[in-house]
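Participant: My structure is below; once you've seen it, I'll send some questions.
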Amino acid sequence: MANTMSNGATREIFMSEALREAIDEEMQRDPTVFLVGEEIGVWGGSYAVSAGLLEKYGPDRIVDTPIAEAAIAGLGIGAALTGSRPIAEFMYSDFMGIAMDQIVNQAAKNRYMFGGKARLPLTYRAPFGAGTGNAAQHTQSLEAWFVHVPGLKVITASTPYDAKGLLKSAIREDNVVVSFEHKALYAMRGHVPEEEYLVPIGVADVKREGTDVSVITYARQVHYALEAAEQLAAEGISVEVVDVRSLYPLDTDAILRSVRKTHRAVVLYEAVRFGGFGAEIASQIQELAFDDLDAPVLRVGAAHAPVPFSEPLEQGSFPDAEKVAAAIRESLQGVR
Amino acid sequence: MANTMSNGATREIFMSEALREAIDEEMQRDPTVFLVGEEIGVWGGSYAVSAGLLEKYGPDRIVDTPIAEAAIAGLGIGAALTGSRPIAEFMYSDFMGIAMDQIVNQAAKNRYMFGGKARLPLTYRAPFGAGTGNAAQHTQSLEAWFVHVPGLKVITASTPYDAKGLLKSAIREDNVVVSFEHKALYAMRGHVPEEEYLVPIGVADVKREGTDVSVITYARQVHYALEAAEQLAAEGISVEVVDVRSLYPLDTDAILRSVRKTHRAVVLYEAVRFGGFGAEIASQIQELAFDDLDAPVLRVGAAHAPVPFSEPLEQGSFPDAEKVAAAIRESLQGVR
Amino acid sequence: MAARRRAVARASSKTGKASKARAKATKSRARPTATVNTTLKSMDDGQVRWIYQTMRRIRRFEETAEEAFKAAKMRGALHFYIGEEATATGACAALEDGDFITSTHRGHGHCIAKGARMDKMMAELFGRTTGYSGGKGGSMHIADLELGNLGANGIVGAGIPIATGAALGSKLRQDGQVTISFFGDGAGPTGAFHEGVNVAATMKLPVIFLCENNQYGMATHNEFANAAPISARGPAYSIPSPKIDGNDVFEVYETVKEAADRARNGEGPTLIESLTYRHKGHTVLDQKNYRTKEEIAEWVARDPIERFRTAVSSAKRMTAKEFDAIDADIEREIENAVSFAEASPWPTLDAIERDVYAE
Amino acid sequence: MAARRRAVARASSKTGKASKARAKATKSRARPTATVNTTLKSMDDGQVRWIYQTMRRIRRFEETAEEAFKAAKMRGALHFYIGEEATATGACAALEDGDFITSTHRGHGHCIAKGARMDKMMAELFGRTTGYSGGKGGSMHIADLELGNLGANGIVGAGIPIATGAALGSKLRQDGQVTISFFGDGAGPTGAFHEGVNVAATMKLPVIFLCENNQYGMATHNEFANAAPISARGPAYSIPSPKIDGNDVFEVYETVKEAADRARNGEGPTLIESLTYRHKGHTVLDQKNYRTKEEIAEWVARDPIERFRTAVSSAKRMTAKEFDAIDADIEREIENAVSFAEASPWPTLDAIERDVYAE
Ligand SMILES: Cc1ncc(C[n+]2csc(CCOP(=O)(O)OP(=O)(O)O)c2C)c(N)n1
Ligand SMILES: Cc1ncc(C[n+]2csc(CCOP(=O)(O)OP(=O)(O)O)c2C)c(N)n1
Ligand SMILES: [Mg+2]
Ligand SMILES: [Mg+2]
């Protein structure tokens, strides 16, 4: 890989590079793995994740497609059913609306409908999230749709380390995994080991330990939570940050462990608050740790609106460190 | 209408007839209203909702289409933007996967993206729900996808009375309303007044008063809740059944009123439990009525699986009176 | 104006006029006996027997399923292929082992033609553990992955991009396999059709798009749904798009064989419009009269099984006795299938959340 | 094989070979001067002025927006229409007031040609309250419903079914209006294209599907994405599908006028492939070299504005002075637009949840 540095045990690389390494290593390891999607070859991927891979693997394994998201989803299904291990990329997760039938009615259900006999080693990748000035149709966080569909697994990483390890696990899964990649994180740098490793799907990661309040979150919002935790530490408030990493299956045990320690929880997500995946997390916490809670589980999510274009509106529409900090303080004050 | 009876103030009619009356009355009242969809004309609608309307209004206002769900959604948008008031029908809500881009990225966002200047008086109708032996691709309950999309309103009725009144309100809305109709309820009879009436969108309805536990639910599950309430009454347990009717906007006040009275809540829905809309309701209850709760808010939803075909499996996969009753009892016992 | 006229004509098709006019226009062209004979001559006895057997199996499987449904022994929806047997049979006869198919809601025919076991199919319709999907799929969701049947599909048109994906897989794996995507005239207007076919054509994938134009999708006539015939679409994708008599098993066989050869030679997809007719309603429950009795009768008279039997008999390739022996075997197979299904256990609740994910 | 060859050719287009070969194949056919003159003669002075003015406005609006973007005065994505002005301008010149259009991510040109105010457009790009969408939409989401512009669209192909819906509305309301759906060659493979066009054709709706084939969708050549040219698709929908020189405003005008007449006469849709070229990258940020310098230079030499100016000058319909006066006016308009935008207030947080629903 052009951009990786060999400086001992770990290197600091961009998340886009970490993802590229995951794809590259798995393609090397297994000749049935291939990448398919729009502008992944000549262009190199709209977030440069696949830059250089066309030159390395050629057009048979880096398959550029026309603009046809339903077909892209279907290409993955058909190839997976017949013995390949495809990674299909949507240029933006917003475009998955076009492919929902293929993803939900076909990919997710094939195995079950056929009595467990179909094998679908298939990974869907898609950038998501706001903050880029791309307005309503290029900035959504739609993970809630997918976690609700049995037959899909759903992952999303907050660091290059997790991104690489999770994606490698996803590619090796004999299941359909939807991997959401937050656009604002592609250019985030982080340490990644030289040697090969995997991050298992279904295991949360405590990104910061704390004793007063648990923030349960994922993807970009992990960083806002960490920022808020840092700020609040100065005020003597100790915040634990749990990065769920895998949305389905969800590591409920890890979440409960944290909440049983802190007795307070704030669930933080960038999607529209109403009906978002955070509602599932909050529901589970109050249901399974009711007597451990000293305050209601609070949720911080995006405004009830499409994502606006103008910078102040866009920034104001989704959570950030300040909003999380406010919710943490509110949680500490107890009941609304 | 062929099937309605004039026996004084109310008549007992099927929900399919109630829906037909709503469409018929609004089409008579407003010449810009029209119905578009698959097999709604010659065939009369796959659940006979539009039977007879082609003969009455002709093919210009009862517009049969090819199998093209994205086009159906778009027909509604384009016609609504330019001065008509369409009702667009999906034959099964499962097929909305094909139209998600049009519904979510176009219909729901047009008004906002265009600074509040677009007007979209548009109703999408779609049968949903299980229990009919139609297997995984014809039985889903996907309301959670739509409540999470700002720009959409979402309704679903449990009785012919509500069905008619809500649908009339939806048709008159200058917003995009998604109306889910539970397949198992089309053939359910109920009283409907002779005179015209509306049921407002955004207002819940207490279908049975009670003092010990609140069951918050909607659509077909209202009937299972009522059945359970009846059974439990014999055991001296008094159950209140709140039919939210409108999923977005949600009548949170009505829900809290009930919970503040009973101090216990069971949220009941037919969709897959994980990530379902009930998680939003449960989250809100614990957040806004934390100190009023004597027990965690419990949720009863469908299994984590596509809907299976075989009768015992299908029936076992989604909630019914027995499962609700069990949850109510559990709620009364307190913490898990 | 024209659209309104058409729509009114449609509404009035209940009275039969439009339907009658159409029946004339779409009469299947009888092929010269010479061609039939050439194809027939090229087939060995095993093939000829297999074709008859397969068509009869489909017919009898469905007639039996209909009885069972009417006796309330099964539920859900059943879509019968009766009258269309020549298309699936001729098409699968032209395939090689290991080739793939994607199927539709009207999938029993494809399934049997691809070699599926009728007992496991029947058990699936009965919702039993011994069914192809252990009862989880039902009539609309039977696959036999081992035989290359990638599955029936409840979503009209949805098999098309999947078939394209299977063909992409074959190209990358260089396994030399070909995929047939069966779909109805009603799938012609779907976005999935266009995306799947265009992508396959740009990539020259080894896939055959086989439109079973049985002339209706529910009550909708194919000419109402498709602005032009499916066979007019080839040039839009730079691929051949022959229109054939779907009730002539020989013509189907020859056309699919040629398309499969093209596919295997890297020349890309073919779109085939196979004209046929479903004798029964859209589902087992459909009682609507959007088609005239005359139209139905005309097509029943062109029954593909009868036509095949006549051709084979007059070519003296099989005797009445041989046909009857096959029929009798099939009766036994079917009886066995039903008793197998009926004797099979119902699935139990612990199965509900199984088979969702691979371990 | 062929697919692999194409893909390799594509990869090597960086070195320019493939791109050069293509440039030759797609050279725009120069129309005989006679035809140009006939069209020009049929236009009154106002129309001629309007066409020039409109094309210049589009060009200067975008050049100015590019500067502002590079000066970090705006954010997000900007897709420039520079080089394609003749298509939107000729098309909208052929429309009547009240007719509708749906537009694309590359929408400034359509928007200006449909009569939008540049100050409100610029303010939208700047994200200010005075913008068309109060800053909520940005470059990709500008509509002017009053003028019949149903909006730009960030989803490739998605405007097509909406245009079909507008045309269905017109048919039902009998308002005699026509809708143009602008879309790119990249939208050719989308399911939305096929569903929208087929439905419109079956219903004979008053809509014009105008493909702006600027030859690339991002780095993807149109021949890689579409198995056959867009103009080969007409027969698949039983509609005309002329291919025209999209840099010739007169040809665009004549073709769209004819299509609009057909539409208004109830004869249904027309699909037009308008061959053109974007001088700039895919977005303001695109620096990739999937096209050769030579190809770009060739097309810049065929600049539609220059061509128009030459034709009009040699026909002595406008003098250099008149052109210059228009140019000067436009400079003032543009300056005003920028100062209007810059002076306009930013939206405040209370606006975030407004405009989601109508009261
Ligand atoms: C996407 C989608 N839309 C609608 C339906 C409902 N539906 C099931 S079969 C059918 C008709 C299909 O017609 P055709 O493709 O001609 O197949 P045929 O039934 O004639 O074999 C329809 C509308 C569906 N299953 N999927
Ligand atoms: C459904 C969808 N897929 C992908 C994209 C990303 N995208 C934006 S513009 C574009 C290229 C479009 O090409 P074309 O239609 O030819 O228009 P042009 O940019 O050339 O004007 C792509 C792939 C998108 N916006 N929508
Ligand atoms: Mg059909
Ligand atoms: Mg283009």
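Participant: Just checking, does the stretch D:262-271 include any residue being charged (D, E, K, R) and within 15 Å of ligand 2 (Cβ to nearest atom)? It would help to see each step written out before you state the result.
Facilitator: We begin by selecting, within the stretch D:262-271, every residue charged (D, E, K, R); these are D:262, D:264, D:267.
Next, from what is left, pick out any that are within 15 Å of ligand 2 (Cβ to nearest atom): none.
Taking every residue of the stretch D:262-271 in turn, none turns out to be charged (D, E, K, R) and within 15 Å of ligand 2 (Cβ to nearest atom).
Participant: Let me ask you something else. Every residue in the stretch D:340-357 that is among the hydrophobic types (A, V, I, L, M, F, W, C) and more than 14 Å from A:His304 (Cα to Cα), please.
Facilitator: Taking the stretch D:340-357 as the starting set, the residues that turn out to be among the hydrophobic types (A, V, I, L, M, F, W, C) are D:340-341, D:343, D:346, D:349, D:351-352, D:356.
Once the filter is applied, which keeps residues that are among the hydrophobic types (A, V, I, L, M, F, W, C) and more than 14 Å from A:His304 (Cα to Cα), the stretch D:340-357 yields D:Phe340, D:Ala341, D:Ala343, D:Trp346.
Participant: For residues that are of a type in the set (Gly, Ala, Ser) and without any contact (Cβ under 8 Å) to a residue 40 or more places away in the chain, scanning just the stretch D:235-268, find the one that is nearest to D:Met43 (Cα to Cα). Steps first, answer last, please.
Facilitator: Residues of the stretch D:235-268 that are of a type in the set (Gly, Ala, Ser), as a first pass: D:236, D:238, D:241, D:246, D:259-260, D:263, D:266, D:268.
When the remaining residues are screened for being without any contact (Cβ under 8 Å) to a residue 40 or more places away in the chain, the result is D:236, D:238, D:241.
Details: D:Ala236: 35, D:Ser238: 32, D:Ser241: 25 Å.
Checking each candidate, the answer is D:Ser241.
Participant: To continue, here is another question. Which residue, of D:Ala200, D:Ala192, is within 13 Å of ligand 2 (Cβ to nearest atom), within 11 Å of chain C (Cβ to nearest Cβ) and within 16 Å of C:Pro189 (Cβ to Cβ)? Explain how you work it out, then say what you get.
Facilitator: Details: D:Ala200 fails: within 13 Å of ligand 2 (Cβ to nearest atom).
Matching residue, one of D:Ala200, D:Ala192: D:Ala192.
Participant: Among the residues of the stretch D:78-90, which ones are within 15 Å of ligand 4 (Cβ to nearest atom), among the aliphatic types (A, V, I, L, M) and within 14 Å of chain A (Cβ to nearest Cβ)?
Facilitator: Correct list: empty.
Participant: Being within 14 Å of another protein chain (Cβ to nearest Cβ) and buried (at least 24 other Cβ atoms within 10 Å of the Cβ) is the filter here, so list the residues in the stretch D:91-104 that pass it.
Facilitator: D:Asp99, D:Phe100, D:Ile101, D:Thr102, D:Ser103, D:Thr104 - these are the residues of the stretch D:91-104 that are within 14 Å of another protein chain (Cβ to nearest Cβ) and buried (at least 24 other Cβ atoms within 10 Å of the Cβ).
Participant: Kindly provide the set of residues from the stretch D:147-182 that are within 26 Å of C:Tyr237 (Cβ to Cβ), away from ligand 1 (no atom under 16 Å from the Cβ) and within 14 Å of chain C (Cβ to nearest Cβ), ordered by number.
Facilitator: Passing the criteria: D:Ile155, D:Val156, D:Gly157, D:Ala158, D:Ile160, D:Thr164, D:Ala167.
Participant: On the basis of being small (Gly, Ala, Ser) and within 30 Å of C:Lys171 (Cβ to Cβ), does C:Ala263 make the cut?
Facilitator: Details: small (Gly, Ala, Ser): yes; within 30 Å of C:Lys171 (Cβ to Cβ): yes.
In short, yes.
Participant: Right, next: How about the stretch C:99-142: which of its residues are touching a helix residue (DSSP H, G or I) at 6+ places or on another chain (Cβ under 8 Å), under 10 Å from B:Phe309 (Cα atoms) and within 16 Å of ligand 1 (Cβ to nearest atom)?
Facilitator: If the condition is that a residue be touching a helix residue (DSSP H, G or I) at 6+ places or on another chain (Cβ under 8 Å), under 10 Å from B:Phe309 (Cα atoms) and within 16 Å of ligand 1 (Cβ to nearest atom), then C:Gly137, C:Gly138, C:Ser139, C:His141 are the ones that fit.
Participant: Here is a list: C:Ile142, C:Ile208. Which entry is more than 21 Å from A:Asp60 (Cα to Cα) and either in a loop (DSSP other than H, G, I, E, B) or more than 12 Å from chain D (Cβ to nearest Cβ) (or both)? Give the derivation first.
Facilitator: Values: C:Ile208 fails: more than 21 Å from A:Asp60 (Cα to Cα).
Result: C:Ile142 is the single residue among C:Ile142, C:Ile208 that is more than 21 Å from A:Asp60 (Cα to Cα) and either in a loop (DSSP other than H, G, I, E, B) or more than 12 Å from chain D (Cβ to nearest Cβ) (or both).
Participant: Also, quick follow-up: Against the definition (facing another protein chain (nearest Cβ under 9 Å) and at pLDDT 95 or above), how does A:Ala282 come out, yes or no?
Facilitator: On the way: facing another protein chain (nearest Cβ under 9 Å): yes; at pLDDT 95 or above: yes.
Criteria met by A:Ala282.
Participant: Here's another thing I want to ask about it. Tell me, please, whether a residue that is of a type in the set (A, V, I, L, M, F, W, C), away from chain D (no Cβ under 14 Å) and not in a loop (DSSP other than H, G, I, E, B) can be found in the stretch B:130-137.
Facilitator: To start, the set of residues in the stretch B:130-137 that are of a type in the set (A, V, I, L, M, F, W, C) comprises B:130, B:135-136.
Narrowing the set further to residues that are away from chain D (no Cβ under 14 Å) leaves B:130, B:135-136.
Restricting the remaining residues to those that are not in a loop (DSSP other than H, G, I, E, B) gives none.
Checked against the condition, which is being of a type in the set (A, V, I, L, M, F, W, C), away from chain D (no Cβ under 14 Å) and not in a loop (DSSP other than H, G, I, E, B), the stretch B:130-137 yields no hits at all.
Participant: Right, something else. Being of a type in the set (Ser, Thr, Tyr) and in a helix (DSSP H, G or I) narrows it down to one of D:Thr130, D:Thr87, so name that one. Let's see the steps before the verdict.
Facilitator: Numbers: D:Thr130 fails: in a helix (DSSP H, G or I).
After ruling out the rest, the residue left standing is D:Thr87.
Participant: Same structure, new question: Take the stretch A:292-304 and flag every residue that is at the interface with another protein chain (Cβ under 9 Å from one of its Cβ atoms) and out of contact with any Phe, Trp or Tyr (no Cβ under 6 Å at 6 or more places or on another chain).
Facilitator: Once the filter is applied, which keeps residues that are at the interface with another protein chain (Cβ under 9 Å from one of its Cβ atoms) and out of contact with any Phe, Trp or Tyr (no Cβ under 6 Å at 6 or more places or on another chain), the stretch A:292-304 yields A:Leu293, A:Ala295, A:Val297, A:Leu298, A:Arg299, A:Ala303.
Participant: Looking at the stretch A:122-140, can you tell me whether even one residue there is farther than 29 Å from A:Val307 by Cα and outside the structural domain of A:Gly275 (by TED's automatic domain parsing)? Working first, answer last.
Facilitator: Keep residues of the stretch A:122-140 that are farther than 29 Å from A:Val307 by Cα, which gives A:122.
Remaining after also requiring outside the structural domain of A:Gly275 (by TED's automatic domain parsing): A:122.
Within the stretch A:122-140 (the criterion being farther than 29 Å from A:Val307 by Cα and outside the structural domain of A:Gly275 (by TED's automatic domain parsing)), the answer is yes, since at least one residue qualifies.
Participant: With the requirement that a residue be away from ligand 4 (no atom under 16 Å from the Cβ) and polar (S, T, N, Q), what does the stretch C:159-218 give you? Lay out the reasoning, then the answer.
Facilitator: Residues of the stretch C:159-218 away from ligand 4 (no atom under 16 Å from the Cβ): C:159-197, C:199-201, C:203-218.
Once the filter is applied, which keeps residues that are away from ligand 4 (no atom under 16 Å from the Cβ) and polar (S, T, N, Q), the stretch C:159-218 yields C:Thr164, C:Ser170, C:Gln174, C:Gln177, C:Thr179, C:Ser181, C:Thr190, C:Asn213, C:Asn214, C:Gln215.
Participant: Here's another thing I want to ask about it. Scan the stretch C:226-255 residue by residue and report those that are part of a helix (DSSP H, G or I), among the aliphatic types (A, V, I, L, M) and under 19 Å from C:Gly196 (Cα atoms). Before the answer, list the steps.
Facilitator: First pass over the stretch C:226-255, keeping only residues part of a helix (DSSP H, G or I): C:230-232, C:234-237, C:249-255.
Still in the list and also among the aliphatic types (A, V, I, L, M): C:230, C:232, C:236, C:249, C:252.
Across the stretch C:226-255, the qualifying residues are C:Ile230, C:Ala232, C:Ala236.
Participant: B:Ser50 - would you say it is surrounded by 24 or more Cβ atoms within 10 Å (Cβ to Cβ), under 23 Å from B:Glu143 (Cβ atoms) and not assigned by TED's automatic domain parsing to the domain that holds B:Pro306? Give the steps one after another, and end with the answer.
Facilitator: On the way: surrounded by 24 or more Cβ atoms within 10 Å (Cβ to Cβ): yes; under 23 Å from B:Glu143 (Cβ atoms): yes; not assigned by TED's automatic domain parsing to the domain that holds B:Pro306: yes.
So B:Ser50 fits the description; yes.
Participant: For the stretch C:153-176, how many residues meet the condition of being surrounded by fewer than 24 Cβ atoms within 10 Å (Cβ to Cβ) and either touching a strand residue (DSSP E or B) at 6+ places or on another chain (Cβ under 9 Å) or outside any helix (DSSP H, G or I) (or both)?
Facilitator: Result for the stretch C:153-176: 4.
Participant: Filter the stretch D:75-90 down to the residues that are over 14 Å from D:Arg106 (Cβ atoms) and at pLDDT 95 or above and list them by number.
Facilitator: D:Ala86, D:Thr89, D:Gly90
Participant: Considering (1) small (Gly, Ala, Ser); (2) in contact with a helix residue (DSSP H, G or I) (Cβ under 8 Å, 6 or more places away or on another chain); (3) surrounded by 24 or more Cβ atoms within 10 Å (Cβ to Cβ), say which one A:Ala295 fails and leave the rest.
Facilitator: Going through (1) small (Gly, Ala, Ser); (2) in contact with a helix residue (DSSP H, G or I) (Cβ under 8 Å, 6 or more places away or on another chain); (3) surrounded by 24 or more Cβ atoms within 10 Å (Cβ to Cβ) one by one, A:Ala295 breaks only (3).
Participant: Of the residues C:Gly186, C:Gly196, only one is closer than 23 Å to D:Pro161 by Cβ and away from ligand 3 (no atom under 13 Å from the Cβ); which? Walk me through it before giving the result.
Facilitator: Values: C:Gly186 fails: away from ligand 3 (no atom under 13 Å from the Cβ).
Within the list C:Gly186, C:Gly196, the selection yields C:Gly196.
Participant: Looking at the stretch D:179-205, which of the residues that are touching a residue at least 60 places away in the same chain (Cβ under 8 Å) and not in a helix (DSSP H, G or I) is nearest to C:Ala201 (Cα to Cα)?
Facilitator: Out of the qualifying residues, it is D:Gly184.
Participant: Among the numbered conditions (1) farther than 30 Å from D:Asn226 by Cα; (2) facing another protein chain (nearest Cβ under 8 Å); (3) surrounded by fewer than 24 Cβ atoms within 10 Å (Cβ to Cβ), tell me where D:Gly137 comes up short.
Facilitator: Unmet for D:Gly137, out of (1) farther than 30 Å from D:Asn226 by Cα; (2) facing another protein chain (nearest Cβ under 8 Å); (3) surrounded by fewer than 24 Cβ atoms within 10 Å (Cβ to Cβ): (3).
The values are calculated or read from the model by the stated rules, or taken from the named source; none is laboratory data. No experiment lies behind these values; they were computed from the predicted model shown. Neighbour counts run over all protein chains shown; Cβ positions are idealised from the backbone, glycine included.
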